[in-house]
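Peer 1: Sharing a structure below in structure tokens format, with a few things to ask.
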Amino acid sequence: MFKQKRLFELVRTVLAVLIALIVALVTILFASDEPGRALSLFLFGPLDSLRHFGNVLEMMIPLLFTGLAVSIMFSAAQFNLGAEGAFFLGGITATSVAINQSLLPVVHPVLSILAGGLTGALFCGIPALLKVKWNASELVSSLMFNYVALFLGLYLINYYMRDVDAGAMVSFKLADTSKLIRIIPKTRVHFGLILAALTVVAGYYFMYRTRWGYRIRLTGLNSSFARYSGIQTASVIILSQVLGGFIAGSGGAIEILGMYRRFSWQSLPGYGWDGIIVAILARNNPALIPVGAFFLAYLRIGADLMARSSDVQSEVVYIIQGVMIVLIAAESFLAHYRHKLVYREARKTAASGK
Amino acid sequence: MQTDFLSMNNITKVYPNGIVANDGVDFSLRKGEIHALVGENGAGKSTLMKILFGLEHPEEGEILLKGESIHVSSPNVAIEHGIGMVHQHFMLVPSLTVAENMVLGSEPRRGIYTNIKKAESETLELSRKYNLTVEPSARIRDLPVGIKQKVEILKALYRGAEILILDEPTAVLTPQETKELFEELHLLKEKGSTIIFISHKLHEIKELCDRLTIMRNGRSQGVFNVADVTEKEISRLMVGRDVILEVDKGPAAPAEISLKVRNLTVVNDFGKNAVNNISFSLRKGEILGVAGVEGNGQGELVEILTGLQRINFGSVEIEGENIAGKTIKEIRNLGTCHIPEDRMTYGVAETLDIEQNLLADKHDSPRFTGKILTRPKVIRENSLKLIGEYRIKCGSPLEEVKMLSGGNIQKVVVAREFSSDPKLIIADQPTRGIDVGATEFIRKRLVELRDEGSAVLLVSADLNEVMELSDSLIVMYNGEITAFIEDVRSLSEEELGLYMLGIKKQTDGEIGRALHV
Ligand SMILES: Nc1ncnc2c1ncn2[C@@H]1O[C@H](COP(=O)(O)OP(=O)(O)O)[C@@H](O)[C@H]1O
Ligand SMILES: [Mg+2]
């Protein structure tokens, strides 16, 4: 029975994705004068050159971090949306360390990433504390704090790190010692991909093979039961969000160090929100985060390529995201069908004289 | 031959977890009868009645009322057809008054406001008519269980119920209250109501009912005139074998004190003393029962002893240590285990698998986890061992707990709690709502653990259980101890009922014997 249930969940997800894709394709069919070209760019564009496929991998890196961060927080049933702000502030703090020109290689990026991670931890920890102390909804407070993060970050760049000679509102150049090396020639895929992979693997072990992960999951599934069992749920609530914040913050730092010459974000980059989509696709299971991240990155790059060389806008992706998430989140999608399965199964076991 | 007033034909219901709760069940009612629906816990009685009341929807089968097929899609439809139900767990709003609860959803209005006066006078009128005495302006939360039940019955009648379903109404009552209820039901019958009475207490059925339908394992075992069958025949049809739910237990050999409660007072959210200055001791090697109608402070007492709630006044010592300021974990580490009253809220995480549920209180013990990583092999051995020892019926340790039947879920809880070498066992309604097999098993285990030297505090609203299993007994009424019975064998059910209702109370000297000093 339990195997069937997993299979059913998989079928449900795949079906949701397919339906979403079909909706998008139909939309393209109607919106475009040259639908064939638009479609093929969208679906196969990311595969048509190493550079394009590299784009997909590049985009996966931040998604792996934020997806894991969100899934850890969500596993504890903490709906902290601060991954976005943590990612952004992680990038800012990393920049402040990275523009320092006098540090050694290796040490430099490590310090920058740690700084970014700690900032993220602090940032996501605040809504957690508010929740534990005053039972303030972490969803609302973290949402609000994201804007604090944005304007605080821009202020810091503008007043302390801005390179006035550069024209736009960007930071000084990052020191070469701080940068992450490229690992695939002819693409911009950087060492961050390896770090991301390691983090996701560690995240999986943490959630499913350590006492701390167990506490997080138990608290998320039934906090009364967790408390009854002797688990200090308040600490778990804080731990999950501090850890999520750390991962998201490190992700922001790595994104800056791997992809940019200067800090140049003028608004929230959106990877935190995307992390939520990835976490939902992966059902909060770190082992499935790479699948979700790859899928979303692929869609995004495909849509970008399509927008660049056809008459369809890349916003098509948002239709897909929307439909997909509604279908996956809707518990009763296919519930009727599942019940029929259960019914038939029960009949069968009854007939075979259990 | 009387014709059937209502009939349910070939009803089949499969729950989302695959449990076949009703399997081709036929059920019929004659107008004006009291019809018993009997069967052990988990037989599917509540499910069948929930289907009749529109709360659950069957996969197969039809319902005929006065010969016409009806489709009961919701309780509202059921009420329109004159079907009312009093649930096993009451569904009243505690902060509202009796009259407000009565009219909830169909309030008499004056402008945009509820016409309270009218609601109260209607309540009173109805309560006079059926001789169900209630005070319309009293708040539900201040009322004892017996009265709440009357409110529930009146509520159904207020909505025009001709067929009244009572789901295990006597499970929560004292013998005296039960007697009162039976008189009221007889009156209802005289006035033309048809009543479905669910119970597994056979003498009650003999006393009250005209016909009975017996269920076992989701199937109907047939319908009989009560006069035509003996209690023994009924019980054999119910369980499929002769059962004697008597645990054979030798005399207790009490040793030193394990739990010491002194002058404990618990103030609840409404500022009332839910537990009022109680003192007692529990020794190793004995089972101390805590009897009482539910809601007389037993729940609060258990919450204090297990650390779920902080102590207001008084002291509690477990194994010689004062538990004030200790965390739940620390209290557990003193050797305490806890079977919670509400297993689905406190006892398990239903979407987690059995194996992980069995681990909750010991997930961080060195046996199951190294410095960092857990030991999957040892964990698997542990779960397989417990599943075997406690005969938990499941396909695999990786099955979700919610896929199990009530009795097996309780076994998961009990297996986990009992496997931590407990010195003090707090068992709160350990066999509520579970089948005979599991009940028997759990009761036996409790006695075994007693004999191995554990101290057992058994809180139970089930008179049979508390009388049969306990060595000594305290009775709680209104937050206070009204009696201490040193030797339970000397106690009659009637006398216990009087203590439970607060009609009789021992002297302080007699109650003081519970301290064992
Ligand atoms: N909502 C539910 N979901 C899944 N299983 C259920 C549900 N309600 C009852 N069951 C299961 O269905 C069976 C019959 O339950 P029930 O009708 O409550 O029995 P009874 O009232 O005779 O004790 C039991 O095995 C019980 O565990
Ligand atoms: Mg029932």
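The values are calculated or read from the model by the stated rules, or taken from the named source; none is laboratory data. Bear in mind that the values here come from a model prediction, so they are computed numbers and not experimental data. Reconstructed Cβ throughout: ideal geometry from the backbone, glycine too, with neighbour counts over all protein chains shown. Just the protein is used for accessible areas: all its heavy atoms, side chains included, with ligands, DNA and RNA removed. Shrake-Rupley method; radii C 1.70, N 1.55, O 1.52, S 1.80 Å.
Peer 1: Which residues, if any, in segment B:295-309 lose at least 20 square angstrom of accessible heavy-atom surface (probe 1.4 Å) when the other protein chains sit next to their chain rather than the chain being alone?
Peer 2: B:Leu308
Peer 1: With r defined as the distance between the Cβ atoms of B:Ala138 and A:Tyr155 and R0 fixed at 56 Å, what FRET efficiency is calculated, to the nearest 0.05?
Peer 2: With a Förster radius of 56 Å, E is 0.35.
Peer 1: Hey, another quick one. In whole angstrom, note down how far apart the Cα centers of segment B:341-417 and segment B:169-223 are.
Peer 2: Between the Cα centres of segment B:341-417 and segment B:169-223 lies a distance of 38 Å.
Peer 1: How much area per residue is accessible in the protein assembly as shown when the probe is 1.4 Å and only protein heavy atoms are counted (Å²)?
Peer 2: Details: 37710 Å² over 871 residues.
Using a 1.4 Å probe on heavy atoms only, each residue of the protein assembly as shown averages 43 Å².
Peer 1: Averaging sequence separations of C-alpha pairs under 8 Å and six or more residues apart, then dividing by the length of chain B, give the relative contact order as a whole percent. List each step's numbers first, then the result.
Peer 2: Numbers: 1030 pairs, mean separation 79.7, N = 517.
Answer for chain B is 15 percent.
Peer 1: So what's Rg/Rh here for chain A, counting alpha carbon atoms and using the Kirkwood radius for Rh?
Peer 2: On the way: Rg = 22.0 Å, Rh = 21.6 Å.
When Rh is taken as the Kirkwood radius, the ratio is 1.02.
Peer 1: Can you give me the pair-distance distribution of segment B:353-420, C-alpha pairs, 5 Å bins, whole percents?
Peer 2: Calculated over all Cα pairs of segment B:353-420, the distribution is 3, 19, 33, 24, 13, 6, 2, 0 percent.
Peer 1: Full extension from B:Val77 to B:Leu96: what is 0.36 nm times the residue separation minus their Cα-Cα distance, to one decimal in nm? Please list the in-between numbers first.
Peer 2: Details: separation 19, 0.36 × 19 = 6.84 nm, distance 2.53 nm.
Additional length available on full extension: 4.3 nm.
Peer 1: Once you compute Rg and the Kirkwood Rh from C-alpha atoms, what is the Rg to Rh ratio for segment B:363-482?
Peer 2: 1.03
Peer 1: Restricting to the protein assembly as shown, what percent of DSSP beta bridges are antiparallel, rounded to 5? Provide the component values of the computation, followed by the final result.
Peer 2: On the way: 45 of 79 bridges.
Expressed as a percentage, antiparallel bridges in the protein assembly as shown total about 55.
Peer 1: Across peptide A:226-236, what mean number of C-beta atoms from other chains lies inside 10 Å of a residue's C-beta?
Peer 2: 5
Peer 1: Something else: Using the charge dipole of segment A:99-213 (Lys, Arg: +1 at Cβ; Asp, Glu: -1 at Cβ; taken about the Cα centre), state which of A:Tyr204, A:Ala175, A:Val106 has its Cα farthest towards the positive end.
Peer 2: Positive-end residue among those listed: A:Tyr204.
Peer 1: Further question on the same structure: Leaving ligands and nucleic acids out of the surface, order A:Tyr159, A:Tyr228, B:Tyr15, A:Tyr204 by accessible area at 1.4 Å, largest first. The partial results should precede the final answer.
Peer 2: Details: A:Tyr159 155, A:Tyr228 5, B:Tyr15 50, A:Tyr204 85 Å².
Order by accessible area, largest first: A:Tyr159, A:Tyr204, B:Tyr15, A:Tyr228.
Peer 1: Ignoring ligands, DNA and RNA, how do A:Leu114, B:Leu358 rank by accessible area with a 1.4 Å probe, largest first?
Peer 2: Working: A:Leu114 80, B:Leu358 0 Å².
Greatest to least solvent exposure: A:Leu114, B:Leu358.
Peer 1: Angle check, please: helix B:376-389 long axis (alpha carbons) against the longest principal axis of chain B (alpha carbons), in degrees 0 to 90, nearest 10.
Peer 2: Approximately 60 degrees, to the nearest ten.
Peer 1: Please report, in cubic angstrom per residue, the volume enclosed by the convex hull of the alpha-carbon atoms of segment B:219-290. Numbers along the way, then the final one.
Peer 2: Working: hull volume 16.5 nm³, N = 72.
Residue-normalised Cα hull volume stands at 229 Å³.
Peer 1: So what is the calculated 222 nm ellipticity per residue for chain A, using -39500 (n - 2.57) for each DSSP H run with n of 4 or more, over all residues, to the nearest 500 deg cm²/dmol?
Peer 2: Numbers: 14 runs with 254 residues, N = 354.
That comes out to -24500 deg cm²/dmol.
Peer 1: Enumerate the whole-percent occupancy of each 10 Å bin, from 0 to the last occupied one, for all C-alpha pair distances of the protein assembly as shown.
Peer 2: Binned Cα distances yield the sequence 2, 10, 17, 19, 19, 14, 10, 6, 2, 0, 0.
Peer 1: Can you give me the relative contact order of segment B:6-239 as a percent, contacts being Cα pairs under 8 Å and 6 or more apart?
Peer 2: 28 percent
Peer 1: Let's test this: bin the Cα-Cα distances of chain B at 10 Å from zero up to the farthest pair and state each bin's percent.
Peer 2: Percent of pairs per bin, in order: 4, 17, 26, 26, 19, 7, 1, 0.
Peer 1: Between the chain alone and the structure with every protein chain in place, find the residues of segment A:1-50 that drop at least 20 Å² of accessible area; heavy atoms, 1.4 Å probe.
Peer 2: Residues shielded by partner chains are A:Met1, A:Phe2, A:Lys5.
Peer 1: Above 28 angstrom, tally the Cα pairs of segment A:197-354 and express them as a % of all pairs, no decimals.
Peer 2: On the way: 5474 of 12403 pairs.
It works out to 44 percent of all Cα pairs.
Peer 1: Please give the calculated 222 nm ellipticity per residue for chain B, where each DSSP H segment of at least 4 residues contributes -39500 (n - 2.57) and the sum is spread over every residue; nearest 500 deg cm²/dmol? Intermediate results must be reported in sequence, preceding the final value.
Peer 2: Numbers: 17 runs with 161 residues, N = 517.
Mean residue ellipticity at 222 nm (helix-derived): -9000 deg cm²/dmol.
Peer 1: In square angstrom and rounded to 100, what buried accessible area do you get between chains A and B, total over both, with the probe at 1.4 Å? It would help to have the intermediate numbers written out before the result.
Peer 2: Working: alone 17730 and 23180 Å², together 37710 Å².
Answer for the A-B pair: about 3200 Å² buried.
Peer 1: If you roll a 1.4 angstrom probe over the protein chains with everything in place, what fraction of the accessible area of segment A:33-311 belongs to carbon and sulfur, to the nearest %? Before the final figure, lay out the partial values.
Peer 2: Working: 7540 of 11300 Å².
Roughly 67 percent of what the probe reaches on segment A:33-311 is carbon or sulfur.
Peer 1: While we're on this one: Under the √(5λ) rule applied to the eigenvalues of the Cα gyration tensor, what semi-axes describe the equivalent ellipsoid of segment A:1-67? Give them in Å, descending. Write down the numbers at each step before the final one.
Peer 2: Working: eigenvalues 153, 90, 19 Å².
Each semi-axis is √(5λ); the values are 28, 21, 10 Å.
Peer 1: If you line up the Cα atoms of segment B:80-232 on their principal axes, what length do they span on each, largest first, in Å?
Peer 2: Here the spans come out as 57, 32, 30 Å, largest first.
Peer 1: Give me the percent of accessible area attributable to carbon and sulfur for chain B, probe 1.4 angstrom. Could the numbers behind the result be given before it?
Peer 2: Working: 10520 of 21700 Å².
Carbon and sulfur: 49 percent of the exposed surface of chain B.
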